[in-house]
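Structure, as structure tokens:
The values are calculated or read from the model by the stated rules, or taken from the named source; none is laboratory data. All of these numbers come straight from a predicted model, not from anything done at the bench. Note that each Cβ is placed from the backbone with ideal geometry, even for glycine, and that neighbours are counted across all protein chains shown. All accessible areas refer to the heavy atoms of the entire protein, side chains included, with ligands and DNA or RNA removed. Shrake-Rupley method; radii C 1.70, N 1.55, O 1.52, S 1.80 Å.
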Amino acid sequence: MSRSRTPLFSLFTCSALGMLAPGVTALAADEIQGAATTQAASMPDALRPVTHQQLDSAGGNQAAWLQPNGSYTETRFAPATQITPANVSKLRPAFVFQTAVMESMETAPIVSNGVMFLTTSYNHVYAIDAVTGKEYWHYKHKMGSVTTYCCGPNNRGVAIFGDRLYMGTLDSKLVALDTKTGKLLWETQIADPELGYSETMAPVVVDGKVLIGTNGGEYGIRGFVKAFDADSGQLLWTFYTIPDTGQEGIWAENDAVGRNMKRDVANEKQQLAAKGGDFYKTLGGGVWMTPAIDRKEHTVYFVVGNPSPDLYGAVRPGDNLYTDSLVAIDLDTGKYKWHYQYIAHDLWDLDAASPPILVDVRDKSGRMIPGIIHGGKTGFIYVHDRRDGHLIRFSEVMIPQEGVWTLPTPTGARMLPGANGGVEWSPMAFDPKTRMAYAANLHQPMTYQVEV
């Protein structure tokens, strides 16, 4: 794939605030042809390998940002205190950095020892001075001949550990780069892009393992989370988000907040009895965003995306587990612990995408317990007991609701929220001081139409 006109993409950063914002300039660039690591300047000696201890304590580090969502708990809370309500209006652009890619930008930069590592669409990686914007090196991935991806050629960031960066690619590879030089150290094939698999999420490194999910729920894949050895790239374990058996679930008729979803369960059961459940191999269930990690309990938490085919449930009877669910698995083995499904047999693409946050919450008796919260496309924030996944409560709805669970019709049926919101893939944040959670919502209705 090539483009005849490829302007550069730019970033600016505000002084004292690690905020990136887009701009466009009309210069030609080669986005995806060929592959190389270009050295622009020598990396400073101040860059040091990142230890497990630093990753564990990343949430309290005021001088670095070592995890895509700030910490293993994914609160996105920054403990720095230099910027206040009194001086925020005085922020000014400190530098502008131009990338070689004109496309959407959804990256979460990593900052270590004053060096910022950021990614762009099409799997470019840059190392720049976080204070001045000076470029140290630029890595461009050698893309395979086949890529199949939904929703843009995005990349949401790298993981860092030791002297290496880890990135998933659109052609479904995991690559390891040298932090000082950008040199490719190894790459391993995660899945087959010809079958619809791709990678856009930022991985997470924990206990010497690189954890990464997969995209492709729109193309008939079987979703997963995989763990790879951080030194060698060797596969350690795989958890499939679609189980071999039992994906029909409990035939739930209501969603997580108790609203009837208008399912014809009797007809679905007849279909399953007549045709069997072999469709699990192509039932979707991608994992869009970085998992959260409970270090004490050695547990990995993540949300699972939509079933496949999307918006059409006639060929996939049942609840379609574990799509549209919050899932917990064992960090050491990848074995299942529990799940909670928000929407069974999803016909509206209201899958779970925004990464969960680990935080202590009050149970129904008022006691503080280990909790986990997730913001849904439905416009609710769900509060769970982290130990077994049961739903404690949900928030007031954050966006208007209209015609919820309206079934698609030949003439089209309008529903709000539509497939892009409330809380889409964008992460939430949590302030431990005020105990407030913050969620960006989309107010975007959709008309669902079925062709006959």
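Each listed q (0.20, 0.21, 0.22, 0.24 Å⁻¹) maps to a log10 I(q)/I(0) for segment 193-233, found by the Debye formula over equal Cα scatterers with no solvent: -0.63, -0.67, -0.71, -0.79.
Using the 1.4 Å probe convention, the accessible area of segment 255-302 works out to 45 Å² per residue with neighbouring protein chains retained. Stretching Gln98 away from Gln82 to a fully extended chain increases their span by 3.1 nm, per 0.36 nm per residue minus the current alpha-carbon distance. Using every pair of separate Cα atoms, the Kirkwood estimate puts the hydrodynamic radius of segment 273-412 at 16.2 angstrom.
Checking every one of the GluC sites (Glu not before Pro) in segment 368-452 against DSSP loop status and a limit of 13 other Cβ atoms within 10 Å picks out Glu396, Glu451. Modelled spin labels at Asp431 and Asp163, positioned 7 Å past Cα toward Cβ, are 4.2 nm from each other.
Distance between the 7 Å Cα→Cβ label points at Arg48 and Asn267: 6.5 nm. Looking at segment 218-320, the pairs of alpha carbons with a distance over 17 Å make up 62% of the total.
Projected label points at Arg387 and Asp207, each 7 Å from Cα along the beta carbon direction, are separated by 2.1 nanometres. Straight-line cross-link reach from Lys90 at under 30 Å between alpha-carbon atoms covers these lysines, not counting any fewer than eight positions away in the same chain: Lys134, Lys433. Normalised by 2.2 N^0.38 Å, where N is the number of residues, the alpha-carbon radius of gyration of segment 399-441 equals 1.63. Centre-to-centre separation between the Cα atoms of segment 347-376 and those of segment 137-207: 29 Å. Annotation note: GluC sites (Glu not before Pro) in segment 222-304 located in DSSP loop regions with a Cβ neighbour count of at most 16 within 10 Å are Glu253, Glu297.
Normalised by 2.2 N^0.38 Å, with N the number of residues, the alpha-carbon radius of gyration of segment 126-235 equals 1.07. The lysines within cross-link reach of Lys226, meaning a Cα-to-Cα straight distance under 23 Å and a gap of 8 or more places when in the same chain, are Lys142, Lys173, Lys209, Lys281, Lys296, Lys335, Lys337.
Distance from a point 7 Å along Cα→Cβ of Ile250 to each backbone N in segment 375-413: keep the residues under 18 Å and list them by number. Of the residues in segment 375-413, 382-394 have backbone N under 18 Å from the label point off Ile250. Taking 0.36 nm per residue of sequence separation and removing the Cα-Cα distance, the Glu297/Asp332 pair yields an extension gain of 11.5 nm.
Per atom type, segment 62-170 shows carbon and sulfur on 55% of its accessible surface, probed at 1.4 Å. Per residue, the accessible area of segment 87-145 comes to 38 Å², computed with a 1.4 Å probe over protein heavy atoms only. Counted residue by residue at 0.36 nm each, then reduced by the alpha carbon distance between them, the extension gain from Val146 to Asp360 reaches 72.6 nm. For the chain, the fraction of alpha-carbon pairs lying more than 40 Å apart is 18 percent, rounded to a whole number.
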